[in-house]
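Report on the following structure.
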Amino acid sequence: MMYIRGKIPITIQPLFWVFAIFISTMFSINNIVYIPIWLLIIFISLLVHEYGHALTARLCGKQPEIILVGMGGITRYDPTGLSLLQQFFIVL
């Protein structure tokens, strides 16, 4: 597993890379040069998406963490003390 420390810690599980490489090769059948480009697109787009959830959770006073797993990502935080409206905006 890869860990990236910071205000919002990120964990990248090995299965994420397996699926990302699989998807990248599906889109790069004609040219192998595009595989790293697709890997970067998948990684950045998924990370930006999860950062949206994580930054909203931080605005609500929580300490989130991001985990990139095989088929996507997870943003974890402790929902204790959050209103339903705050939880809705974090999920949104």
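Could you tell me which residue of the range 1-39 is modelled with the highest pLDDT, considering only residues that are part of a loop (DSSP other than H, G, I, E, B) and touching a Pro at 6+ places or on another chain (Cβ under 8 Å)? Even if it seems obvious, please write down each step before you answer.
To start, the set of residues in the range 1-39 that are part of a loop (DSSP other than H, G, I, E, B) comprises 1, 5-9, 13, 28-33.
Then drop every residue that is not touching a Pro at 6+ places or on another chain (Cβ under 8 Å), which leaves 1, 8.
Numbers: MET1: 86, ILE8: 95.
Applying the filter and picking the extreme gives ILE8.
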(Q) Among the residues in the range 34-43, are any more than 16 Å from the chain's Cα centre (by Cα) and among the hydrophobic types (A, V, I, L, M, F, W, C)? (A) yes
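Any idea which residue in the range 51-62 is most open to solvent (accessible area, probe 1.4 Å), counting only those that are free of Cβ contacts under 8 Å to residues at least 40 places away in the same chain and at negative phi? Steps first, please.
Here is the first cut: in the range 51-62, the ones free of Cβ contacts under 8 Å to residues at least 40 places away in the same chain are 52-53, 56-57, 59-62.
Going one step further and asking which of them are at negative phi, we end up with 52-53, 56-57, 59-60, 62.
Working: GLY52: 37, HIS53: 34, THR56: 37, ALA57: 0, LEU59: 152, CYS60: 37, LYS62: 43 Å².
Only one residue fits best here, namely LEU59.
Filter the range 77-86 for residues that are assigned to a helix (DSSP H, G or I) and exposed (fewer than 15 other Cβ atoms within 10 Å of the Cβ) and give the result.
Across the range 77-86, the qualifying residues are LEU84, LEU85.
Answer with yes or no whether PHE27 is open to solvent by 80 Å² or more (accessible area, probe 1.4 Å), out of contact with any helix residue (DSSP H, G or I) (no Cβ under 6 Å at 6 or more places or on another chain) and not aliphatic (A, V, I, L, M). Break it down into steps so the answer makes sense when it comes.
Working: open to solvent by 80 Å² or more (accessible area, probe 1.4 Å): yes; out of contact with any helix residue (DSSP H, G or I) (no Cβ under 6 Å at 6 or more places or on another chain): no; not aliphatic (A, V, I, L, M): yes.
Answer is no for this residue.
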Q: Give the range 31-50 a look and list any residue that's aliphatic (A, V, I, L, M) and touching a residue at least 24 places away in the same chain (Cβ under 8 Å), or say none.
A: LEU46, LEU47
Q: Go through the range 1-17 and give me each residue that's surrounded by 15 or more Cβ atoms within 10 Å (Cβ to Cβ), in contact (Cβ under 8 Å) with a residue 40 or more places away in the chain and touching a helix residue (DSSP H, G or I) at 6+ places or on another chain (Cβ under 9 Å).
A: ILE8, ILE10, ILE12, PHE16
Q. Here are ILE42, ILE67, ILE74: which of them is assigned to a helix (DSSP H, G or I), aliphatic (A, V, I, L, M) and surrounded by 12 or more Cβ atoms within 10 Å (Cβ to Cβ)?
A. ILE42
Q. If you go through the range 18-30 one residue at a time, do you hit one that is in contact (Cβ under 8 Å) with a residue 12 or more places away in the chain and of a type in the set (Phe, Trp, Tyr)?
A. yes
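Give the range 46-64 a look and list any residue that's closer than 26 Å to PHE16 by Cα and either among the polar types (S, T, N, Q) or in a loop (DSSP other than H, G, I, E, B) (or both), or say none.
Pass one, the range 46-64, residues closer than 26 Å to PHE16 by Cα: 46-58, 62-64.
Hits for the range 46-64 are THR56, LYS62, GLN63, PRO64.
The values are calculated or read from the model by the stated rules, or taken from the named source; none is laboratory data. Model, not experiment: these values are computed from the prediction. All Cβ positions, even for glycine, are placed from backbone atoms using ideal geometry, and neighbour counts span all protein chains on display. Please note that ligands, DNA and RNA were not included when accessible areas were found on the heavy atoms of the full protein model with its side chains. Shrake-Rupley method; radii C 1.70, N 1.55, O 1.52, S 1.80 Å.
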